[in-house]
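Here is the structure we will look at, set down as structure tokens.
The values are calculated or read from the model by the stated rules, or taken from the named source; none is laboratory data. Worth saying up front: this structure is predicted, and the values here are computed from it rather than measured. Here the Cβ positions follow ideal geometry from the backbone for every residue, glycine too, while neighbour counts run over all protein chains shown. Each accessible area value is taken on the protein alone, full model and side chains, heavy atoms only, with ligands, DNA and RNA left out. Shrake-Rupley method; radii C 1.70, N 1.55, O 1.52, S 1.80 Å.
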Amino acid sequence: MSINYFSRKNVLTLVIALLISACGQTTDTTAVVDDSTTAPMQEYPDWGGWWLIADGPLGGGLRGLLRNLNVYQPEVKSFIERVSVPGTNLGGGAVFCVPVRFNGGTNGGGTDAVEFLLTPQRLTITNEDGMLRRIIIDGRPLRENPEPSNGGTSIGTWEGDTLIVETIGLHPDTTFPSSSRPNSPLIGENVHVLERIYLNEQDQLIVDTELTAPQMLVAPINFSTVYRRDPGHIIRDHDRCSLNDRSIDPVTGLERFDMTPPADLPPPPPR
Amino acid sequence: MTTTISRIKFSAISCLAIVLLLQVPLASAHHSYAVIDNSRLLEVEATIAKLEWVNPHSFLWVYVADEAQESGYQLYAFEVGSITMMTKAGWTRDDTVTAGEKVTIEYLPLRSGEPGGSLAKMTHADGSVSQGDFPAVRFADRVRAAEQGEAQ
């Protein structure tokens with residue numbers, strides 16, 4: 001006896017089953033969304049485009065704050081004083097080749113332009129150094145004790161047009177305030193970063209940060225970073241890796257000045 | 001005498017503190033400039049050979065007339081910044097320099113005495129100026145300021 005799988009009754013049953021299944025999935029998806037933390041895309045503030053720190057590569061509230069070395073733990077302060085003596089060769093070239101990490105300082109914008117990409121339930125912060133932070137804005141709580149990651153573990157919540165971002169789970173051996181520099185202190189364990197991100201009336205993007213890093217800092221520090229838009233910005237990689245860097249010996253890791261001429265160097269002009 | 005020594009100590013400590021404070025904000029490039037003598041500013045007239053437009057530090061290679069050399073020229077190497085930083089300084093890969101172009105370069109020399117260093121300022125034949133990476137520009141400003149102070 002043969003079975004007719006395509007009988008009207010079987011097809012109707014299949015269609016009904018698919019409809020029920022589809023309805024069920026829709027209901028489940030909606031159930032995990034917290035309406036208080038999401039908004040239709042058109043209601044998000046305009047953070048599009050590329051951003052630079054408003055007062056230049058040495059600017060930003062953090063740089064000014066760190067001129068006072070007393071914010072650091074005593075042993076960290078001693079380290080900074082020791083490595084700041086001109087001519088000190090600290091080496092550590094391989095450190096430059098780790099993936100770019102968030103260290104609780106700025107998100108870039110000094111030597112590398114930054115993007116703040118808002119999408120439903122998600123903010124992605126990335127820059128020309130290749131830093132990548134994923135901030136979930138779907139109402140879930142911050143995961144406890146996450147394994148360290150390059151961008152950290154972050155959640156965000158909206159307070160009006162201000163996004164409050166909380167971050168933990170940073171690699172403790174990340175350097176600060178530049179995340180790829182051997183002659184800088186390490187952020188240490190139990191780092192917690194709280195950021196308030198918003199547009200001001202001058203269309204500048206403000207990031208107010210509270211950085212808690214008990215092994216590096218005497219007390220939490222608070223600083224603001226003011227970003228300005230950079231219309232027409234053309235993305236260019238700002239790769240800090242020491243591979244092919246004439247300034248770092250890849251074998252010893254020590255600083256150097258490689259005088260080996262390029263293979264395709266044109267000949268000198270005629271005498 | 002005690003007062004004098006105290007003043008000297010105070011002065012030395014103050015100088016060290018100032019040096020340290022000045023160093024910290026400048027230490028934003030990815031290495032410490034250990035091989036560069038940041039206290040001197042030299043100048044050479046040169047012919048452009050090649051711009052290596054790479055991260056994390058671009059390099060500018062130039063020929064400088066030197067009769068002591070068999071070729072009549074000495075090859076100099078100058079470090080500048082990353083592609084992003086030099087772009088901000090107004091440089092481009094293709095248009096800032098041309099092979100064979102005559103330029104005048106101000107630079108912070110290598111401690112080793114080898115021909116080259118960190119480029120602070122490049123003046124083209126038409127008088128236009130291309131600045132180096134910002135740490136070199138800042139160090140050069142300090143050298144000039146110190147020289148003006150000594151001259152007064």
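Taking the condition of being more than 14 Å from chain B (Cβ to nearest Cβ) and either open to solvent by less than 40 Å² (accessible area, probe 1.4 Å) or more than 27 Å from A:Thr157 (Cα to Cα) (or both), how many residues in segment A:179-199 meet it?
Residues that pass the stated criteria total 7.
Return the residues of segment A:157-188 that are assigned to a loop (DSSP other than H, G, I, E, B), of a type in the set (Asp, Glu) and within 14 Å of A:Gly104 (Cα to Cα); say none if nothing qualifies.
A:Asp173
Can you work out which of the residues in segment B:43-63 that are more than 7 Å from every other protein chain (Cβ to nearest Cβ) and farther than 20 Å from A:Glu255 by Cβ is nearest to the chain's Cα centre (by Cα)?
B:Glu43
Does segment A:201-240 hold any residues that are within 14 Å of chain B (Cβ to nearest Cβ), surrounded by fewer than 20 Cβ atoms within 10 Å (Cβ to Cβ) and not in a strand (DSSP E or B), and which are they?
A:Asp230, A:Gly232, A:His233, A:Ile234, A:Ile235, A:Arg236, A:Asp237, listed by residue number.
Among residues belonging to segment B:91-124 that are among the small types (Gly, Ala, Ser) and either open to solvent by less than 60 Å² (accessible area, probe 1.4 Å) or at pLDDT 95 or above (or both), point out the one that is nearest to B:Phe134 (Cα to Cα).
Among them, the one singled out is B:Ala120.
Which members of segment B:38-61 meet the condition of being at pLDDT 95 or above, touching a Phe, Trp or Tyr at 6+ places or on another chain (Cβ under 6 Å) and buried (at least 22 other Cβ atoms within 10 Å of the Cβ)?
Correct list: B:Ala49, B:Leu60.
Scan segment A:189-223 for residues that are of a type in the set (S, T, N, Q) and touching an Asp or Glu at 6+ places or on another chain (Cβ under 7 Å) and report the count.
Residues in segment A:189-223 being of a type in the set (S, T, N, Q) and touching an Asp or Glu at 6+ places or on another chain (Cβ under 7 Å): 3 in total.
State all residues of segment A:249-271 that are more than 7 Å from chain B (Cβ to nearest Cβ) and touching a residue at least 40 places away in the same chain (Cβ under 8 Å); if no residue qualifies, say none.
Of everything in segment A:249-271, those that are more than 7 Å from chain B (Cβ to nearest Cβ) and touching a residue at least 40 places away in the same chain (Cβ under 8 Å) turn out to be A:Asp249, A:Pro250, A:Thr252, A:Gly253, A:Leu254.
Please go through segment A:243-265 and pick out each residue that is out of contact with any Asp or Glu (no Cβ under 9 Å at 6 or more places or on another chain) and open to solvent by 40 Å² or more (accessible area, probe 1.4 Å).
A:Leu243, A:Asn244, A:Pro250, A:Val251, A:Thr252, A:Leu254, A:Thr260, A:Pro261, A:Ala263, A:Asp264
For segment A:114-169, enumerate the residues that are surrounded by fewer than 18 Cβ atoms within 10 Å (Cβ to Cβ), in contact (Cβ under 8 Å) with a residue 12 or more places away in the chain and of a type in the set (Ser, Thr, Tyr).
The answer is A:Thr119, A:Ser149, A:Thr157, A:Thr162.
Please state which of the following conditions A:Phe176 fails to meet, knowing it meets all the rest: (1) hydrophobic (A, V, I, L, M, F, W, C); (2) buried (at least 18 other Cβ atoms within 10 Å of the Cβ); (3) away from chain B (no Cβ under 14 Å).
That leaves (3) as the condition not met.
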